[in-house]
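Taken together, the values in this text are just the output of simple stated rules run on the coordinates, not laboratory data. Here the structure is a predicted model, which means the values were calculated and not measured. Ideal geometry is used to build each Cβ from the backbone, glycine not excepted, and the neighbour counts take in all protein chains shown.
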Amino acid sequence: MATYKSKSRKNQPSIPQVTEAEMVIDNNISSITEELEVNGKANINEILDMEEISSSTYAKTRLRTKKKSDELEKGGKAHLKHSSKKMKKDTDEAKWEPENWRKILENIRLMRSKDNAPVDIMGCHKCADENADEKTQRFHKLVALMLSSQTKDETTYHAMLRLKEQTLIPETIVNMKLNTLENMLHPVSFYKNKAKYLQQTSKILIDKYSSDIPNNIKELVALPGVGPKMAHICMSTAWQQVTGIGVDVHVHRICNRLNWVPKATKEPEQTRVALEAWLPQKLWAEVNHLLVGFGQTVCTPAKPKCENCLNSNICPSAPKSAKNINKNENNEINSQLAELLNKAELKKSKTILKDC
């Protein structure tokens with residue numbers, strides 16, 4: 001077979017692998033040639049036929065190799081292009097964060113520090129009996145969270161007061177008649193379903209956890225009537241472990257108003273995933289409490305008090321009227337400050353002239 005050599009190693013083409021068929025043909029040609037040399041006998045046509053087959057096979061092999069090489073090269077470029085786009089997309093997503101979020105959060109902290117919200121006084125963390133043992137307190141916090149879904153803090157708090165009058169432990173809930181439990185929970189939202197879930201959960205806690213509550217998210221959300229929001233808040237308040245952000249209707253609403261999610265979300269769980277993707281983990285513990293209270297007092301579901309909000313000038317959802325009010329207030333403050341400075345400068349100038 002012919003040997004091909006390149007003039008430079010840099011441009012040297014890859015040598016195709018010799019196939020088994022080519023090796024057989026080469027052996028046959030060598031065999032016939034040896035027979036001719038030894039015996040002086042051989043059919044010249046047989047030799048020519050074998051050489052023609054060898055050349056044809058080699059040409060086909062080269063063609064297949066080149067075609068495969070072109071396909072691999074084309075595929076490799078496409079793969080690299082796709083990988084490059086994917087890496088860029090992942091990088092862009094990793095870099096995403098809302099505009100002005102640090103300033104907005106700082107302002108919310110300031111507003112929350114001025115007045116108490118219902119969550120500060122009657123939130124689920126305030127519903128446990130402080131005189132009870134730690135295990136019982138953990139159960140109280142879980143029960144309060146189960147009742148709190150789509151229910152005002154005041155309603156949940158008073159329902160918990162009624163339950164604690166009956167010695168609130170899992171055994172009491174299990175032994176209580178369902179209609180009695182329902183009456184004690186009313187007017188909590190969906191009180192009939194919640195009464196059923198409470199009895200089912202209490203039985204599981206007795207059977208599997210010695211009347212304590214699970215200490216991990218997976219087992220908490222497996223309990224009847226317990227969702228991700230409740231589980232994350234329960235881990236934080238009952239076990240002092242930050243496992244995620246508890247997103248209720250207030251946090252969900254405010255995050256969408258502030259554009260704290262890359263695109264609008266329809267469910268609180270979608271908001272939780274989007275929020276955790278960019279918010280530093282060291283802030284997860286406080287953000288639920290801050291935003292819930294802010295949503296109860298300022299950024300309310302209906303008729304939010306944008307004119308009283310420190311973020312109205314930078315909030316993407318604030319009406320123009322609120323932005324103008326605060327802008328005018330800032331201008332008034334700035335004009336007063338300028339007047340004071342002018343008076344100070346004038347007084348200073350008079351003093352200088354007097355000294356002269």
- Query: If you place +1 on the Cβ of every Lys and Arg, -1 on the Cβ of every Asp and Glu, and leave all else neutral, what size is the dipole of the range 101-298 about its Cα centre, to the nearest 20 Debye?
  - Reply: 620 debye
- Item | Nonlocal amide H pairs with Ile169, under 5 Å, H built at 1.01 Å | none
- Query: So, in nm, how far is label Glu276 from label Val242 when the simple model puts each one 7 Å beyond its Cα toward the Cβ?
  - Reply: 1.3 nm
- FRET efficiency for Lys208 and Leu110, Cβ-Cβ distance as r, R0 = 51 Å, nearest 0.05? 0.70
- Message: Under the rule of at least 5 residues apart or a separate chain, name every residue whose amide H is placed under 5 Å from the amide H of Asn216.
- Response: none
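Going through the cross-link list Lys135/Lys208; Lys95/Lys320; Lys114/Lys229; Lys141/Lys203; Lys152/Lys194; Lys177/Lys208, which pairs have a Cα-Cα distance over 20 Å in this structure?
Values: Lys135/Lys208 14 Å; Lys95/Lys320 30 Å; Lys114/Lys229 27 Å; Lys141/Lys203 17 Å; Lys152/Lys194 15 Å; Lys177/Lys208 22 Å.
Pairs exceeding the cut-off: Lys95/Lys320; Lys114/Lys229; Lys177/Lys208.
State, as an integer percentage, the relative contact order of the range 101-298 based on alpha-carbon contacts under 8 Å between residues 6 or more apart. Spell out each step's value before the answer.
Working: 233 pairs, mean separation 43.6, N = 198.
Once divided by the residue count of the range 101-298, the mean separation gives 22 percent.
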- Item | For the range 278-288, 3J(HN,Hα) per residue [Karplus equation, 6.51 cos²θ - 1.76 cosθ + 1.60, θ = phi - 60°, Hz, x = Gly/Pro] | 10, 6, x, 4, 5, 9, 4, 5, 9, 5, 4
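Taking R0 as 25 Å, what's the FRET efficiency between Lys263 and Glu219 from their Cβ-Cβ distance, rounded to 0.05?
Approximately 0.20, to the nearest 0.05.
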- Label-to-label distance, nm, for residues given as Glu307 and Glu154 (7 Å Cα→Cβ offset): 2.4 nm
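Would you mind putting 189-201, 128-140 in packing order, based on average other-beta-carbon counts within 10 Å, highest first? Before the final figure, lay out the partial values.
Working: 189-201: 18.8, 128-140: 16.1.
Descending packing order for the listed peptides: 189-201, 128-140.
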- Query: Rounded, prolate or oblate: which one fits the range 101-298, using the alpha carbon gyration tensor with axes a ≥ b ≥ c (rounded when a/c is under 1.5, else prolate when a/b beats b/c, else oblate)?
  - Reply: prolate
- Residue by residue through the range 132-141, which ³J(HN,Hα) values in whole Hz follow from phi under the Karplus form 6.51 cos²θ - 1.76 cosθ + 1.60 (θ = phi - 60°), with glycine and proline marked x? 7, 5, 4, 4, 5, 4, 5, 5, 4, 5
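Around Val249, with a cut-off of 15 angstrom between Cβ atoms, what is the net charge of the other residues, counting Lys and Arg +1 and Asp and Glu -1?
+2
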- Item | Residue-by-residue Karplus 3J(HN,Hα) for the range 158-163, coefficients 6.51, -1.76, 1.60, Hz, glycine and proline x | 6, 5, 5, 4, 5, 5
